[in-house]
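The values are calculated or read from the model by the stated rules, or taken from the named source; none is laboratory data. Everything numeric here is computed off the predicted structure, so don't read it as measured data. In case anyone asks, the SASA skips ligands and DNA or RNA and just uses the protein heavy atoms, side chains included. Shrake-Rupley method; radii C 1.70, N 1.55, O 1.52, S 1.80 Å.
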Amino acid sequence: QLPPQRVTAPFSHLHVAPTLLELLGLPAEPRFEGESWAARMREGHLKARPSDLAFFEVLPDRNYHEHLVGVSAERWKLIYDINHNAFELYDLKADPHEQHDLSALLTTNAQAPSKAENKRLSLLKRALLSYAEEHLAALAKGQAGVSKPWGSP
């Protein structure tokens, strides 16, 4: 019973189930990592907030041998290649097709567009590494609720 709306904030697949369940009047599973966006949908507040983080993961399979985790927040997309301990950083506002890796902003004396952006990138990197550490620990302990994907090396 909501009108169609465009979500311009980073929206993780982790939020889909809790949101749908709340809209249906059902409780979400306590093990769900995502949060419901039902209230934001009812209020029409689907633009990005600084606190909005959307984590994602690419698991290795027969066609793609890298294990990547990443996060999108506001204008930034940060990707961490677990196998190679390397980052990719993209400014989605200036480079929506992700052609220019700005990861040097994370490791050198290069400066982001502002001090606020430098701080934001530092926090984003910390959030991503924390997510990766927690996620990998859960996978290693068999607590992630998933098994190794078919075709994984």
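Observations
- Measuring only protein heavy atoms, the 1.4 Å probe finds Ser130 accessible over about 50 Å².
- Order of exposure, largest accessible area first, which applies to Leu124, Leu26 with probe 1.4 Å: Leu26, Leu124
- To the nearest 10, the accessible area of Leu102 is 60 Å² with a 1.4 Å probe.
- Enclosing the Cα atoms of segment 1-142 in their convex hull gives a volume equal to 150 cubic angstrom per residue.
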